[in-house]
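To keep things clear, I will list the structure first and then write my remarks on it.
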Amino acid sequence: MKTVIVCASVSHGNTRRIADTMAHILDDAKVVSPEQAGPAELAGADLIGFGSGVFYGRLHPQLTDFVRALPAGRGRAFVFATSGLPEMPLAPFTRPLARLLEGKGFEVEGSFLCRAFDTWAPFKLVGGINKQRPNGADLAGARAFAERLRDGRPQDGRGSLA
Ligand SMILES: Cc1cc2nc3c(=O)[nH]c(=O)nc-3n(C[C@H](O)[C@H](O)[C@H](O)COP(=O)(O)O)c2cc1C
């Protein structure tokens, strides 16, 4: 199974750590930034992951602009994110991107979110929040999520709830 993971991780590399952990389970999937992801590469993939940190309540524009520019396609996809704050239960951070992908014809099989180190303005004053995250439990959650995708039993996933 060829898997490609498109990941915009611009702040602390938090989302990249999640992407690398998932890639390891998904037959050493290639992890690329939106700038590196060529149309030919994606066209040959059986499964494509899309992930970034959350900025001002949304996934990073590098990622969403990339998806917006994709031609209509089909195939399996998943979405993942890291955030400083918890999401609102009725407004998951990943939902708008999942909808965008579905509008393009992708079948979005699941989403994964975990909290991660955050030095956004107010938190910088105290040296950031969620230090040491993603932690071992978050990475274990990412591994379990990727295993379910690999085994064809997708289900949304979370990092440590602590
Ligand atoms: C400018 C800025 C804005 C942010 N906005 C939010 C936000 O609205 N909600 C949230 O939960 N986290 C927010 N964060 C925290 C990031 O989502 C978090 O640190 C994320 O793990 C960054 O991922 P990355 O290191 O892969 O880029 C913000 C961080 C920065 C620097």
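The values are calculated or read from the model by the stated rules, or taken from the named source; none is laboratory data. Since the model is a prediction, treat every value here as computed from it, not as a measurement. Glycine gets a Cβ as well: all are built from the backbone with ideal geometry, and neighbour counts include every protein chain shown. Just so you know, the surface numbers come from the protein's heavy atoms only, side chains and all, with ligands and any DNA or RNA stripped out. Shrake-Rupley method; radii C 1.70, N 1.55, O 1.52, S 1.80 Å.
Annotations for the structure displayed:
- Residues of region 13-22 classified as touching a residue at least 40 places away in the same chain (Cβ under 8 Å), within 13 Å of the ligand (Cβ to nearest atom) and touching a strand residue (DSSP E or B) at 6+ places or on another chain (Cβ under 8 Å), total: 4
- Residues satisfying the stated conditions in region 19-44, i.e. open to solvent by less than 80 Å² (accessible area, probe 1.4 Å) and at pLDDT below 95: ALA37, GLY38, GLU41, LEU42, GLY44
Results for (1) over 24 Å from LYS2 (Cα atoms); (2) open to solvent by 30 Å² or more (accessible area, probe 1.4 Å); (3) of a type in the set (A, V, I, L, M, F, W, C), shown as yes or no for each residue.
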{"position": "ARG74", "(1), (2), (3)": "no, yes, no"}
{"position": "PRO89", "(1), (2), (3)": "yes, yes, no"}
{"position": "LEU113", "(1), (2), (3)": "no, no, yes"}
{"position": "LYS124", "(1), (2), (3)": "yes, yes, no"}
{"position": "ILE129", "(1), (2), (3)": "yes, yes, yes"}
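Table: residues versus (1) over 23 Å from ALA144 (Cα atoms); (2) touching a residue at least 24 places away in the same chain (Cβ under 8 Å).
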position: ILE5; (1), (2): no, yes
position: VAL32; (1), (2): no, yes
position: VAL54; (1), (2): no, yes
position: PRO71; (1), (2): yes, yes
position: PHE80; (1), (2): no, yes
position: PRO89; (1), (2): no, no
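- When restricted to residues that are among the small types (Gly, Ala, Ser) and either in a strand (DSSP E or B) or at pLDDT below 95 (or both), region 104-116 contains 2.
- Condition check for ILE25: away from the ligand (no atom under 13 Å from the Cβ) and among the β-branched types (Val, Ile, Thr): yes
- Subset of region 58-103 that is basic (Lys, Arg) and modelled with pLDDT of 95 or more - its residue that is farthest from the ligand (Cβ to nearest atom): ARG76
- Test: residue in region 145-157 that is outside any helix (DSSP H, G or I), open to solvent by less than 40 Å² (accessible area, probe 1.4 Å) and not basic (Lys, Arg): yes
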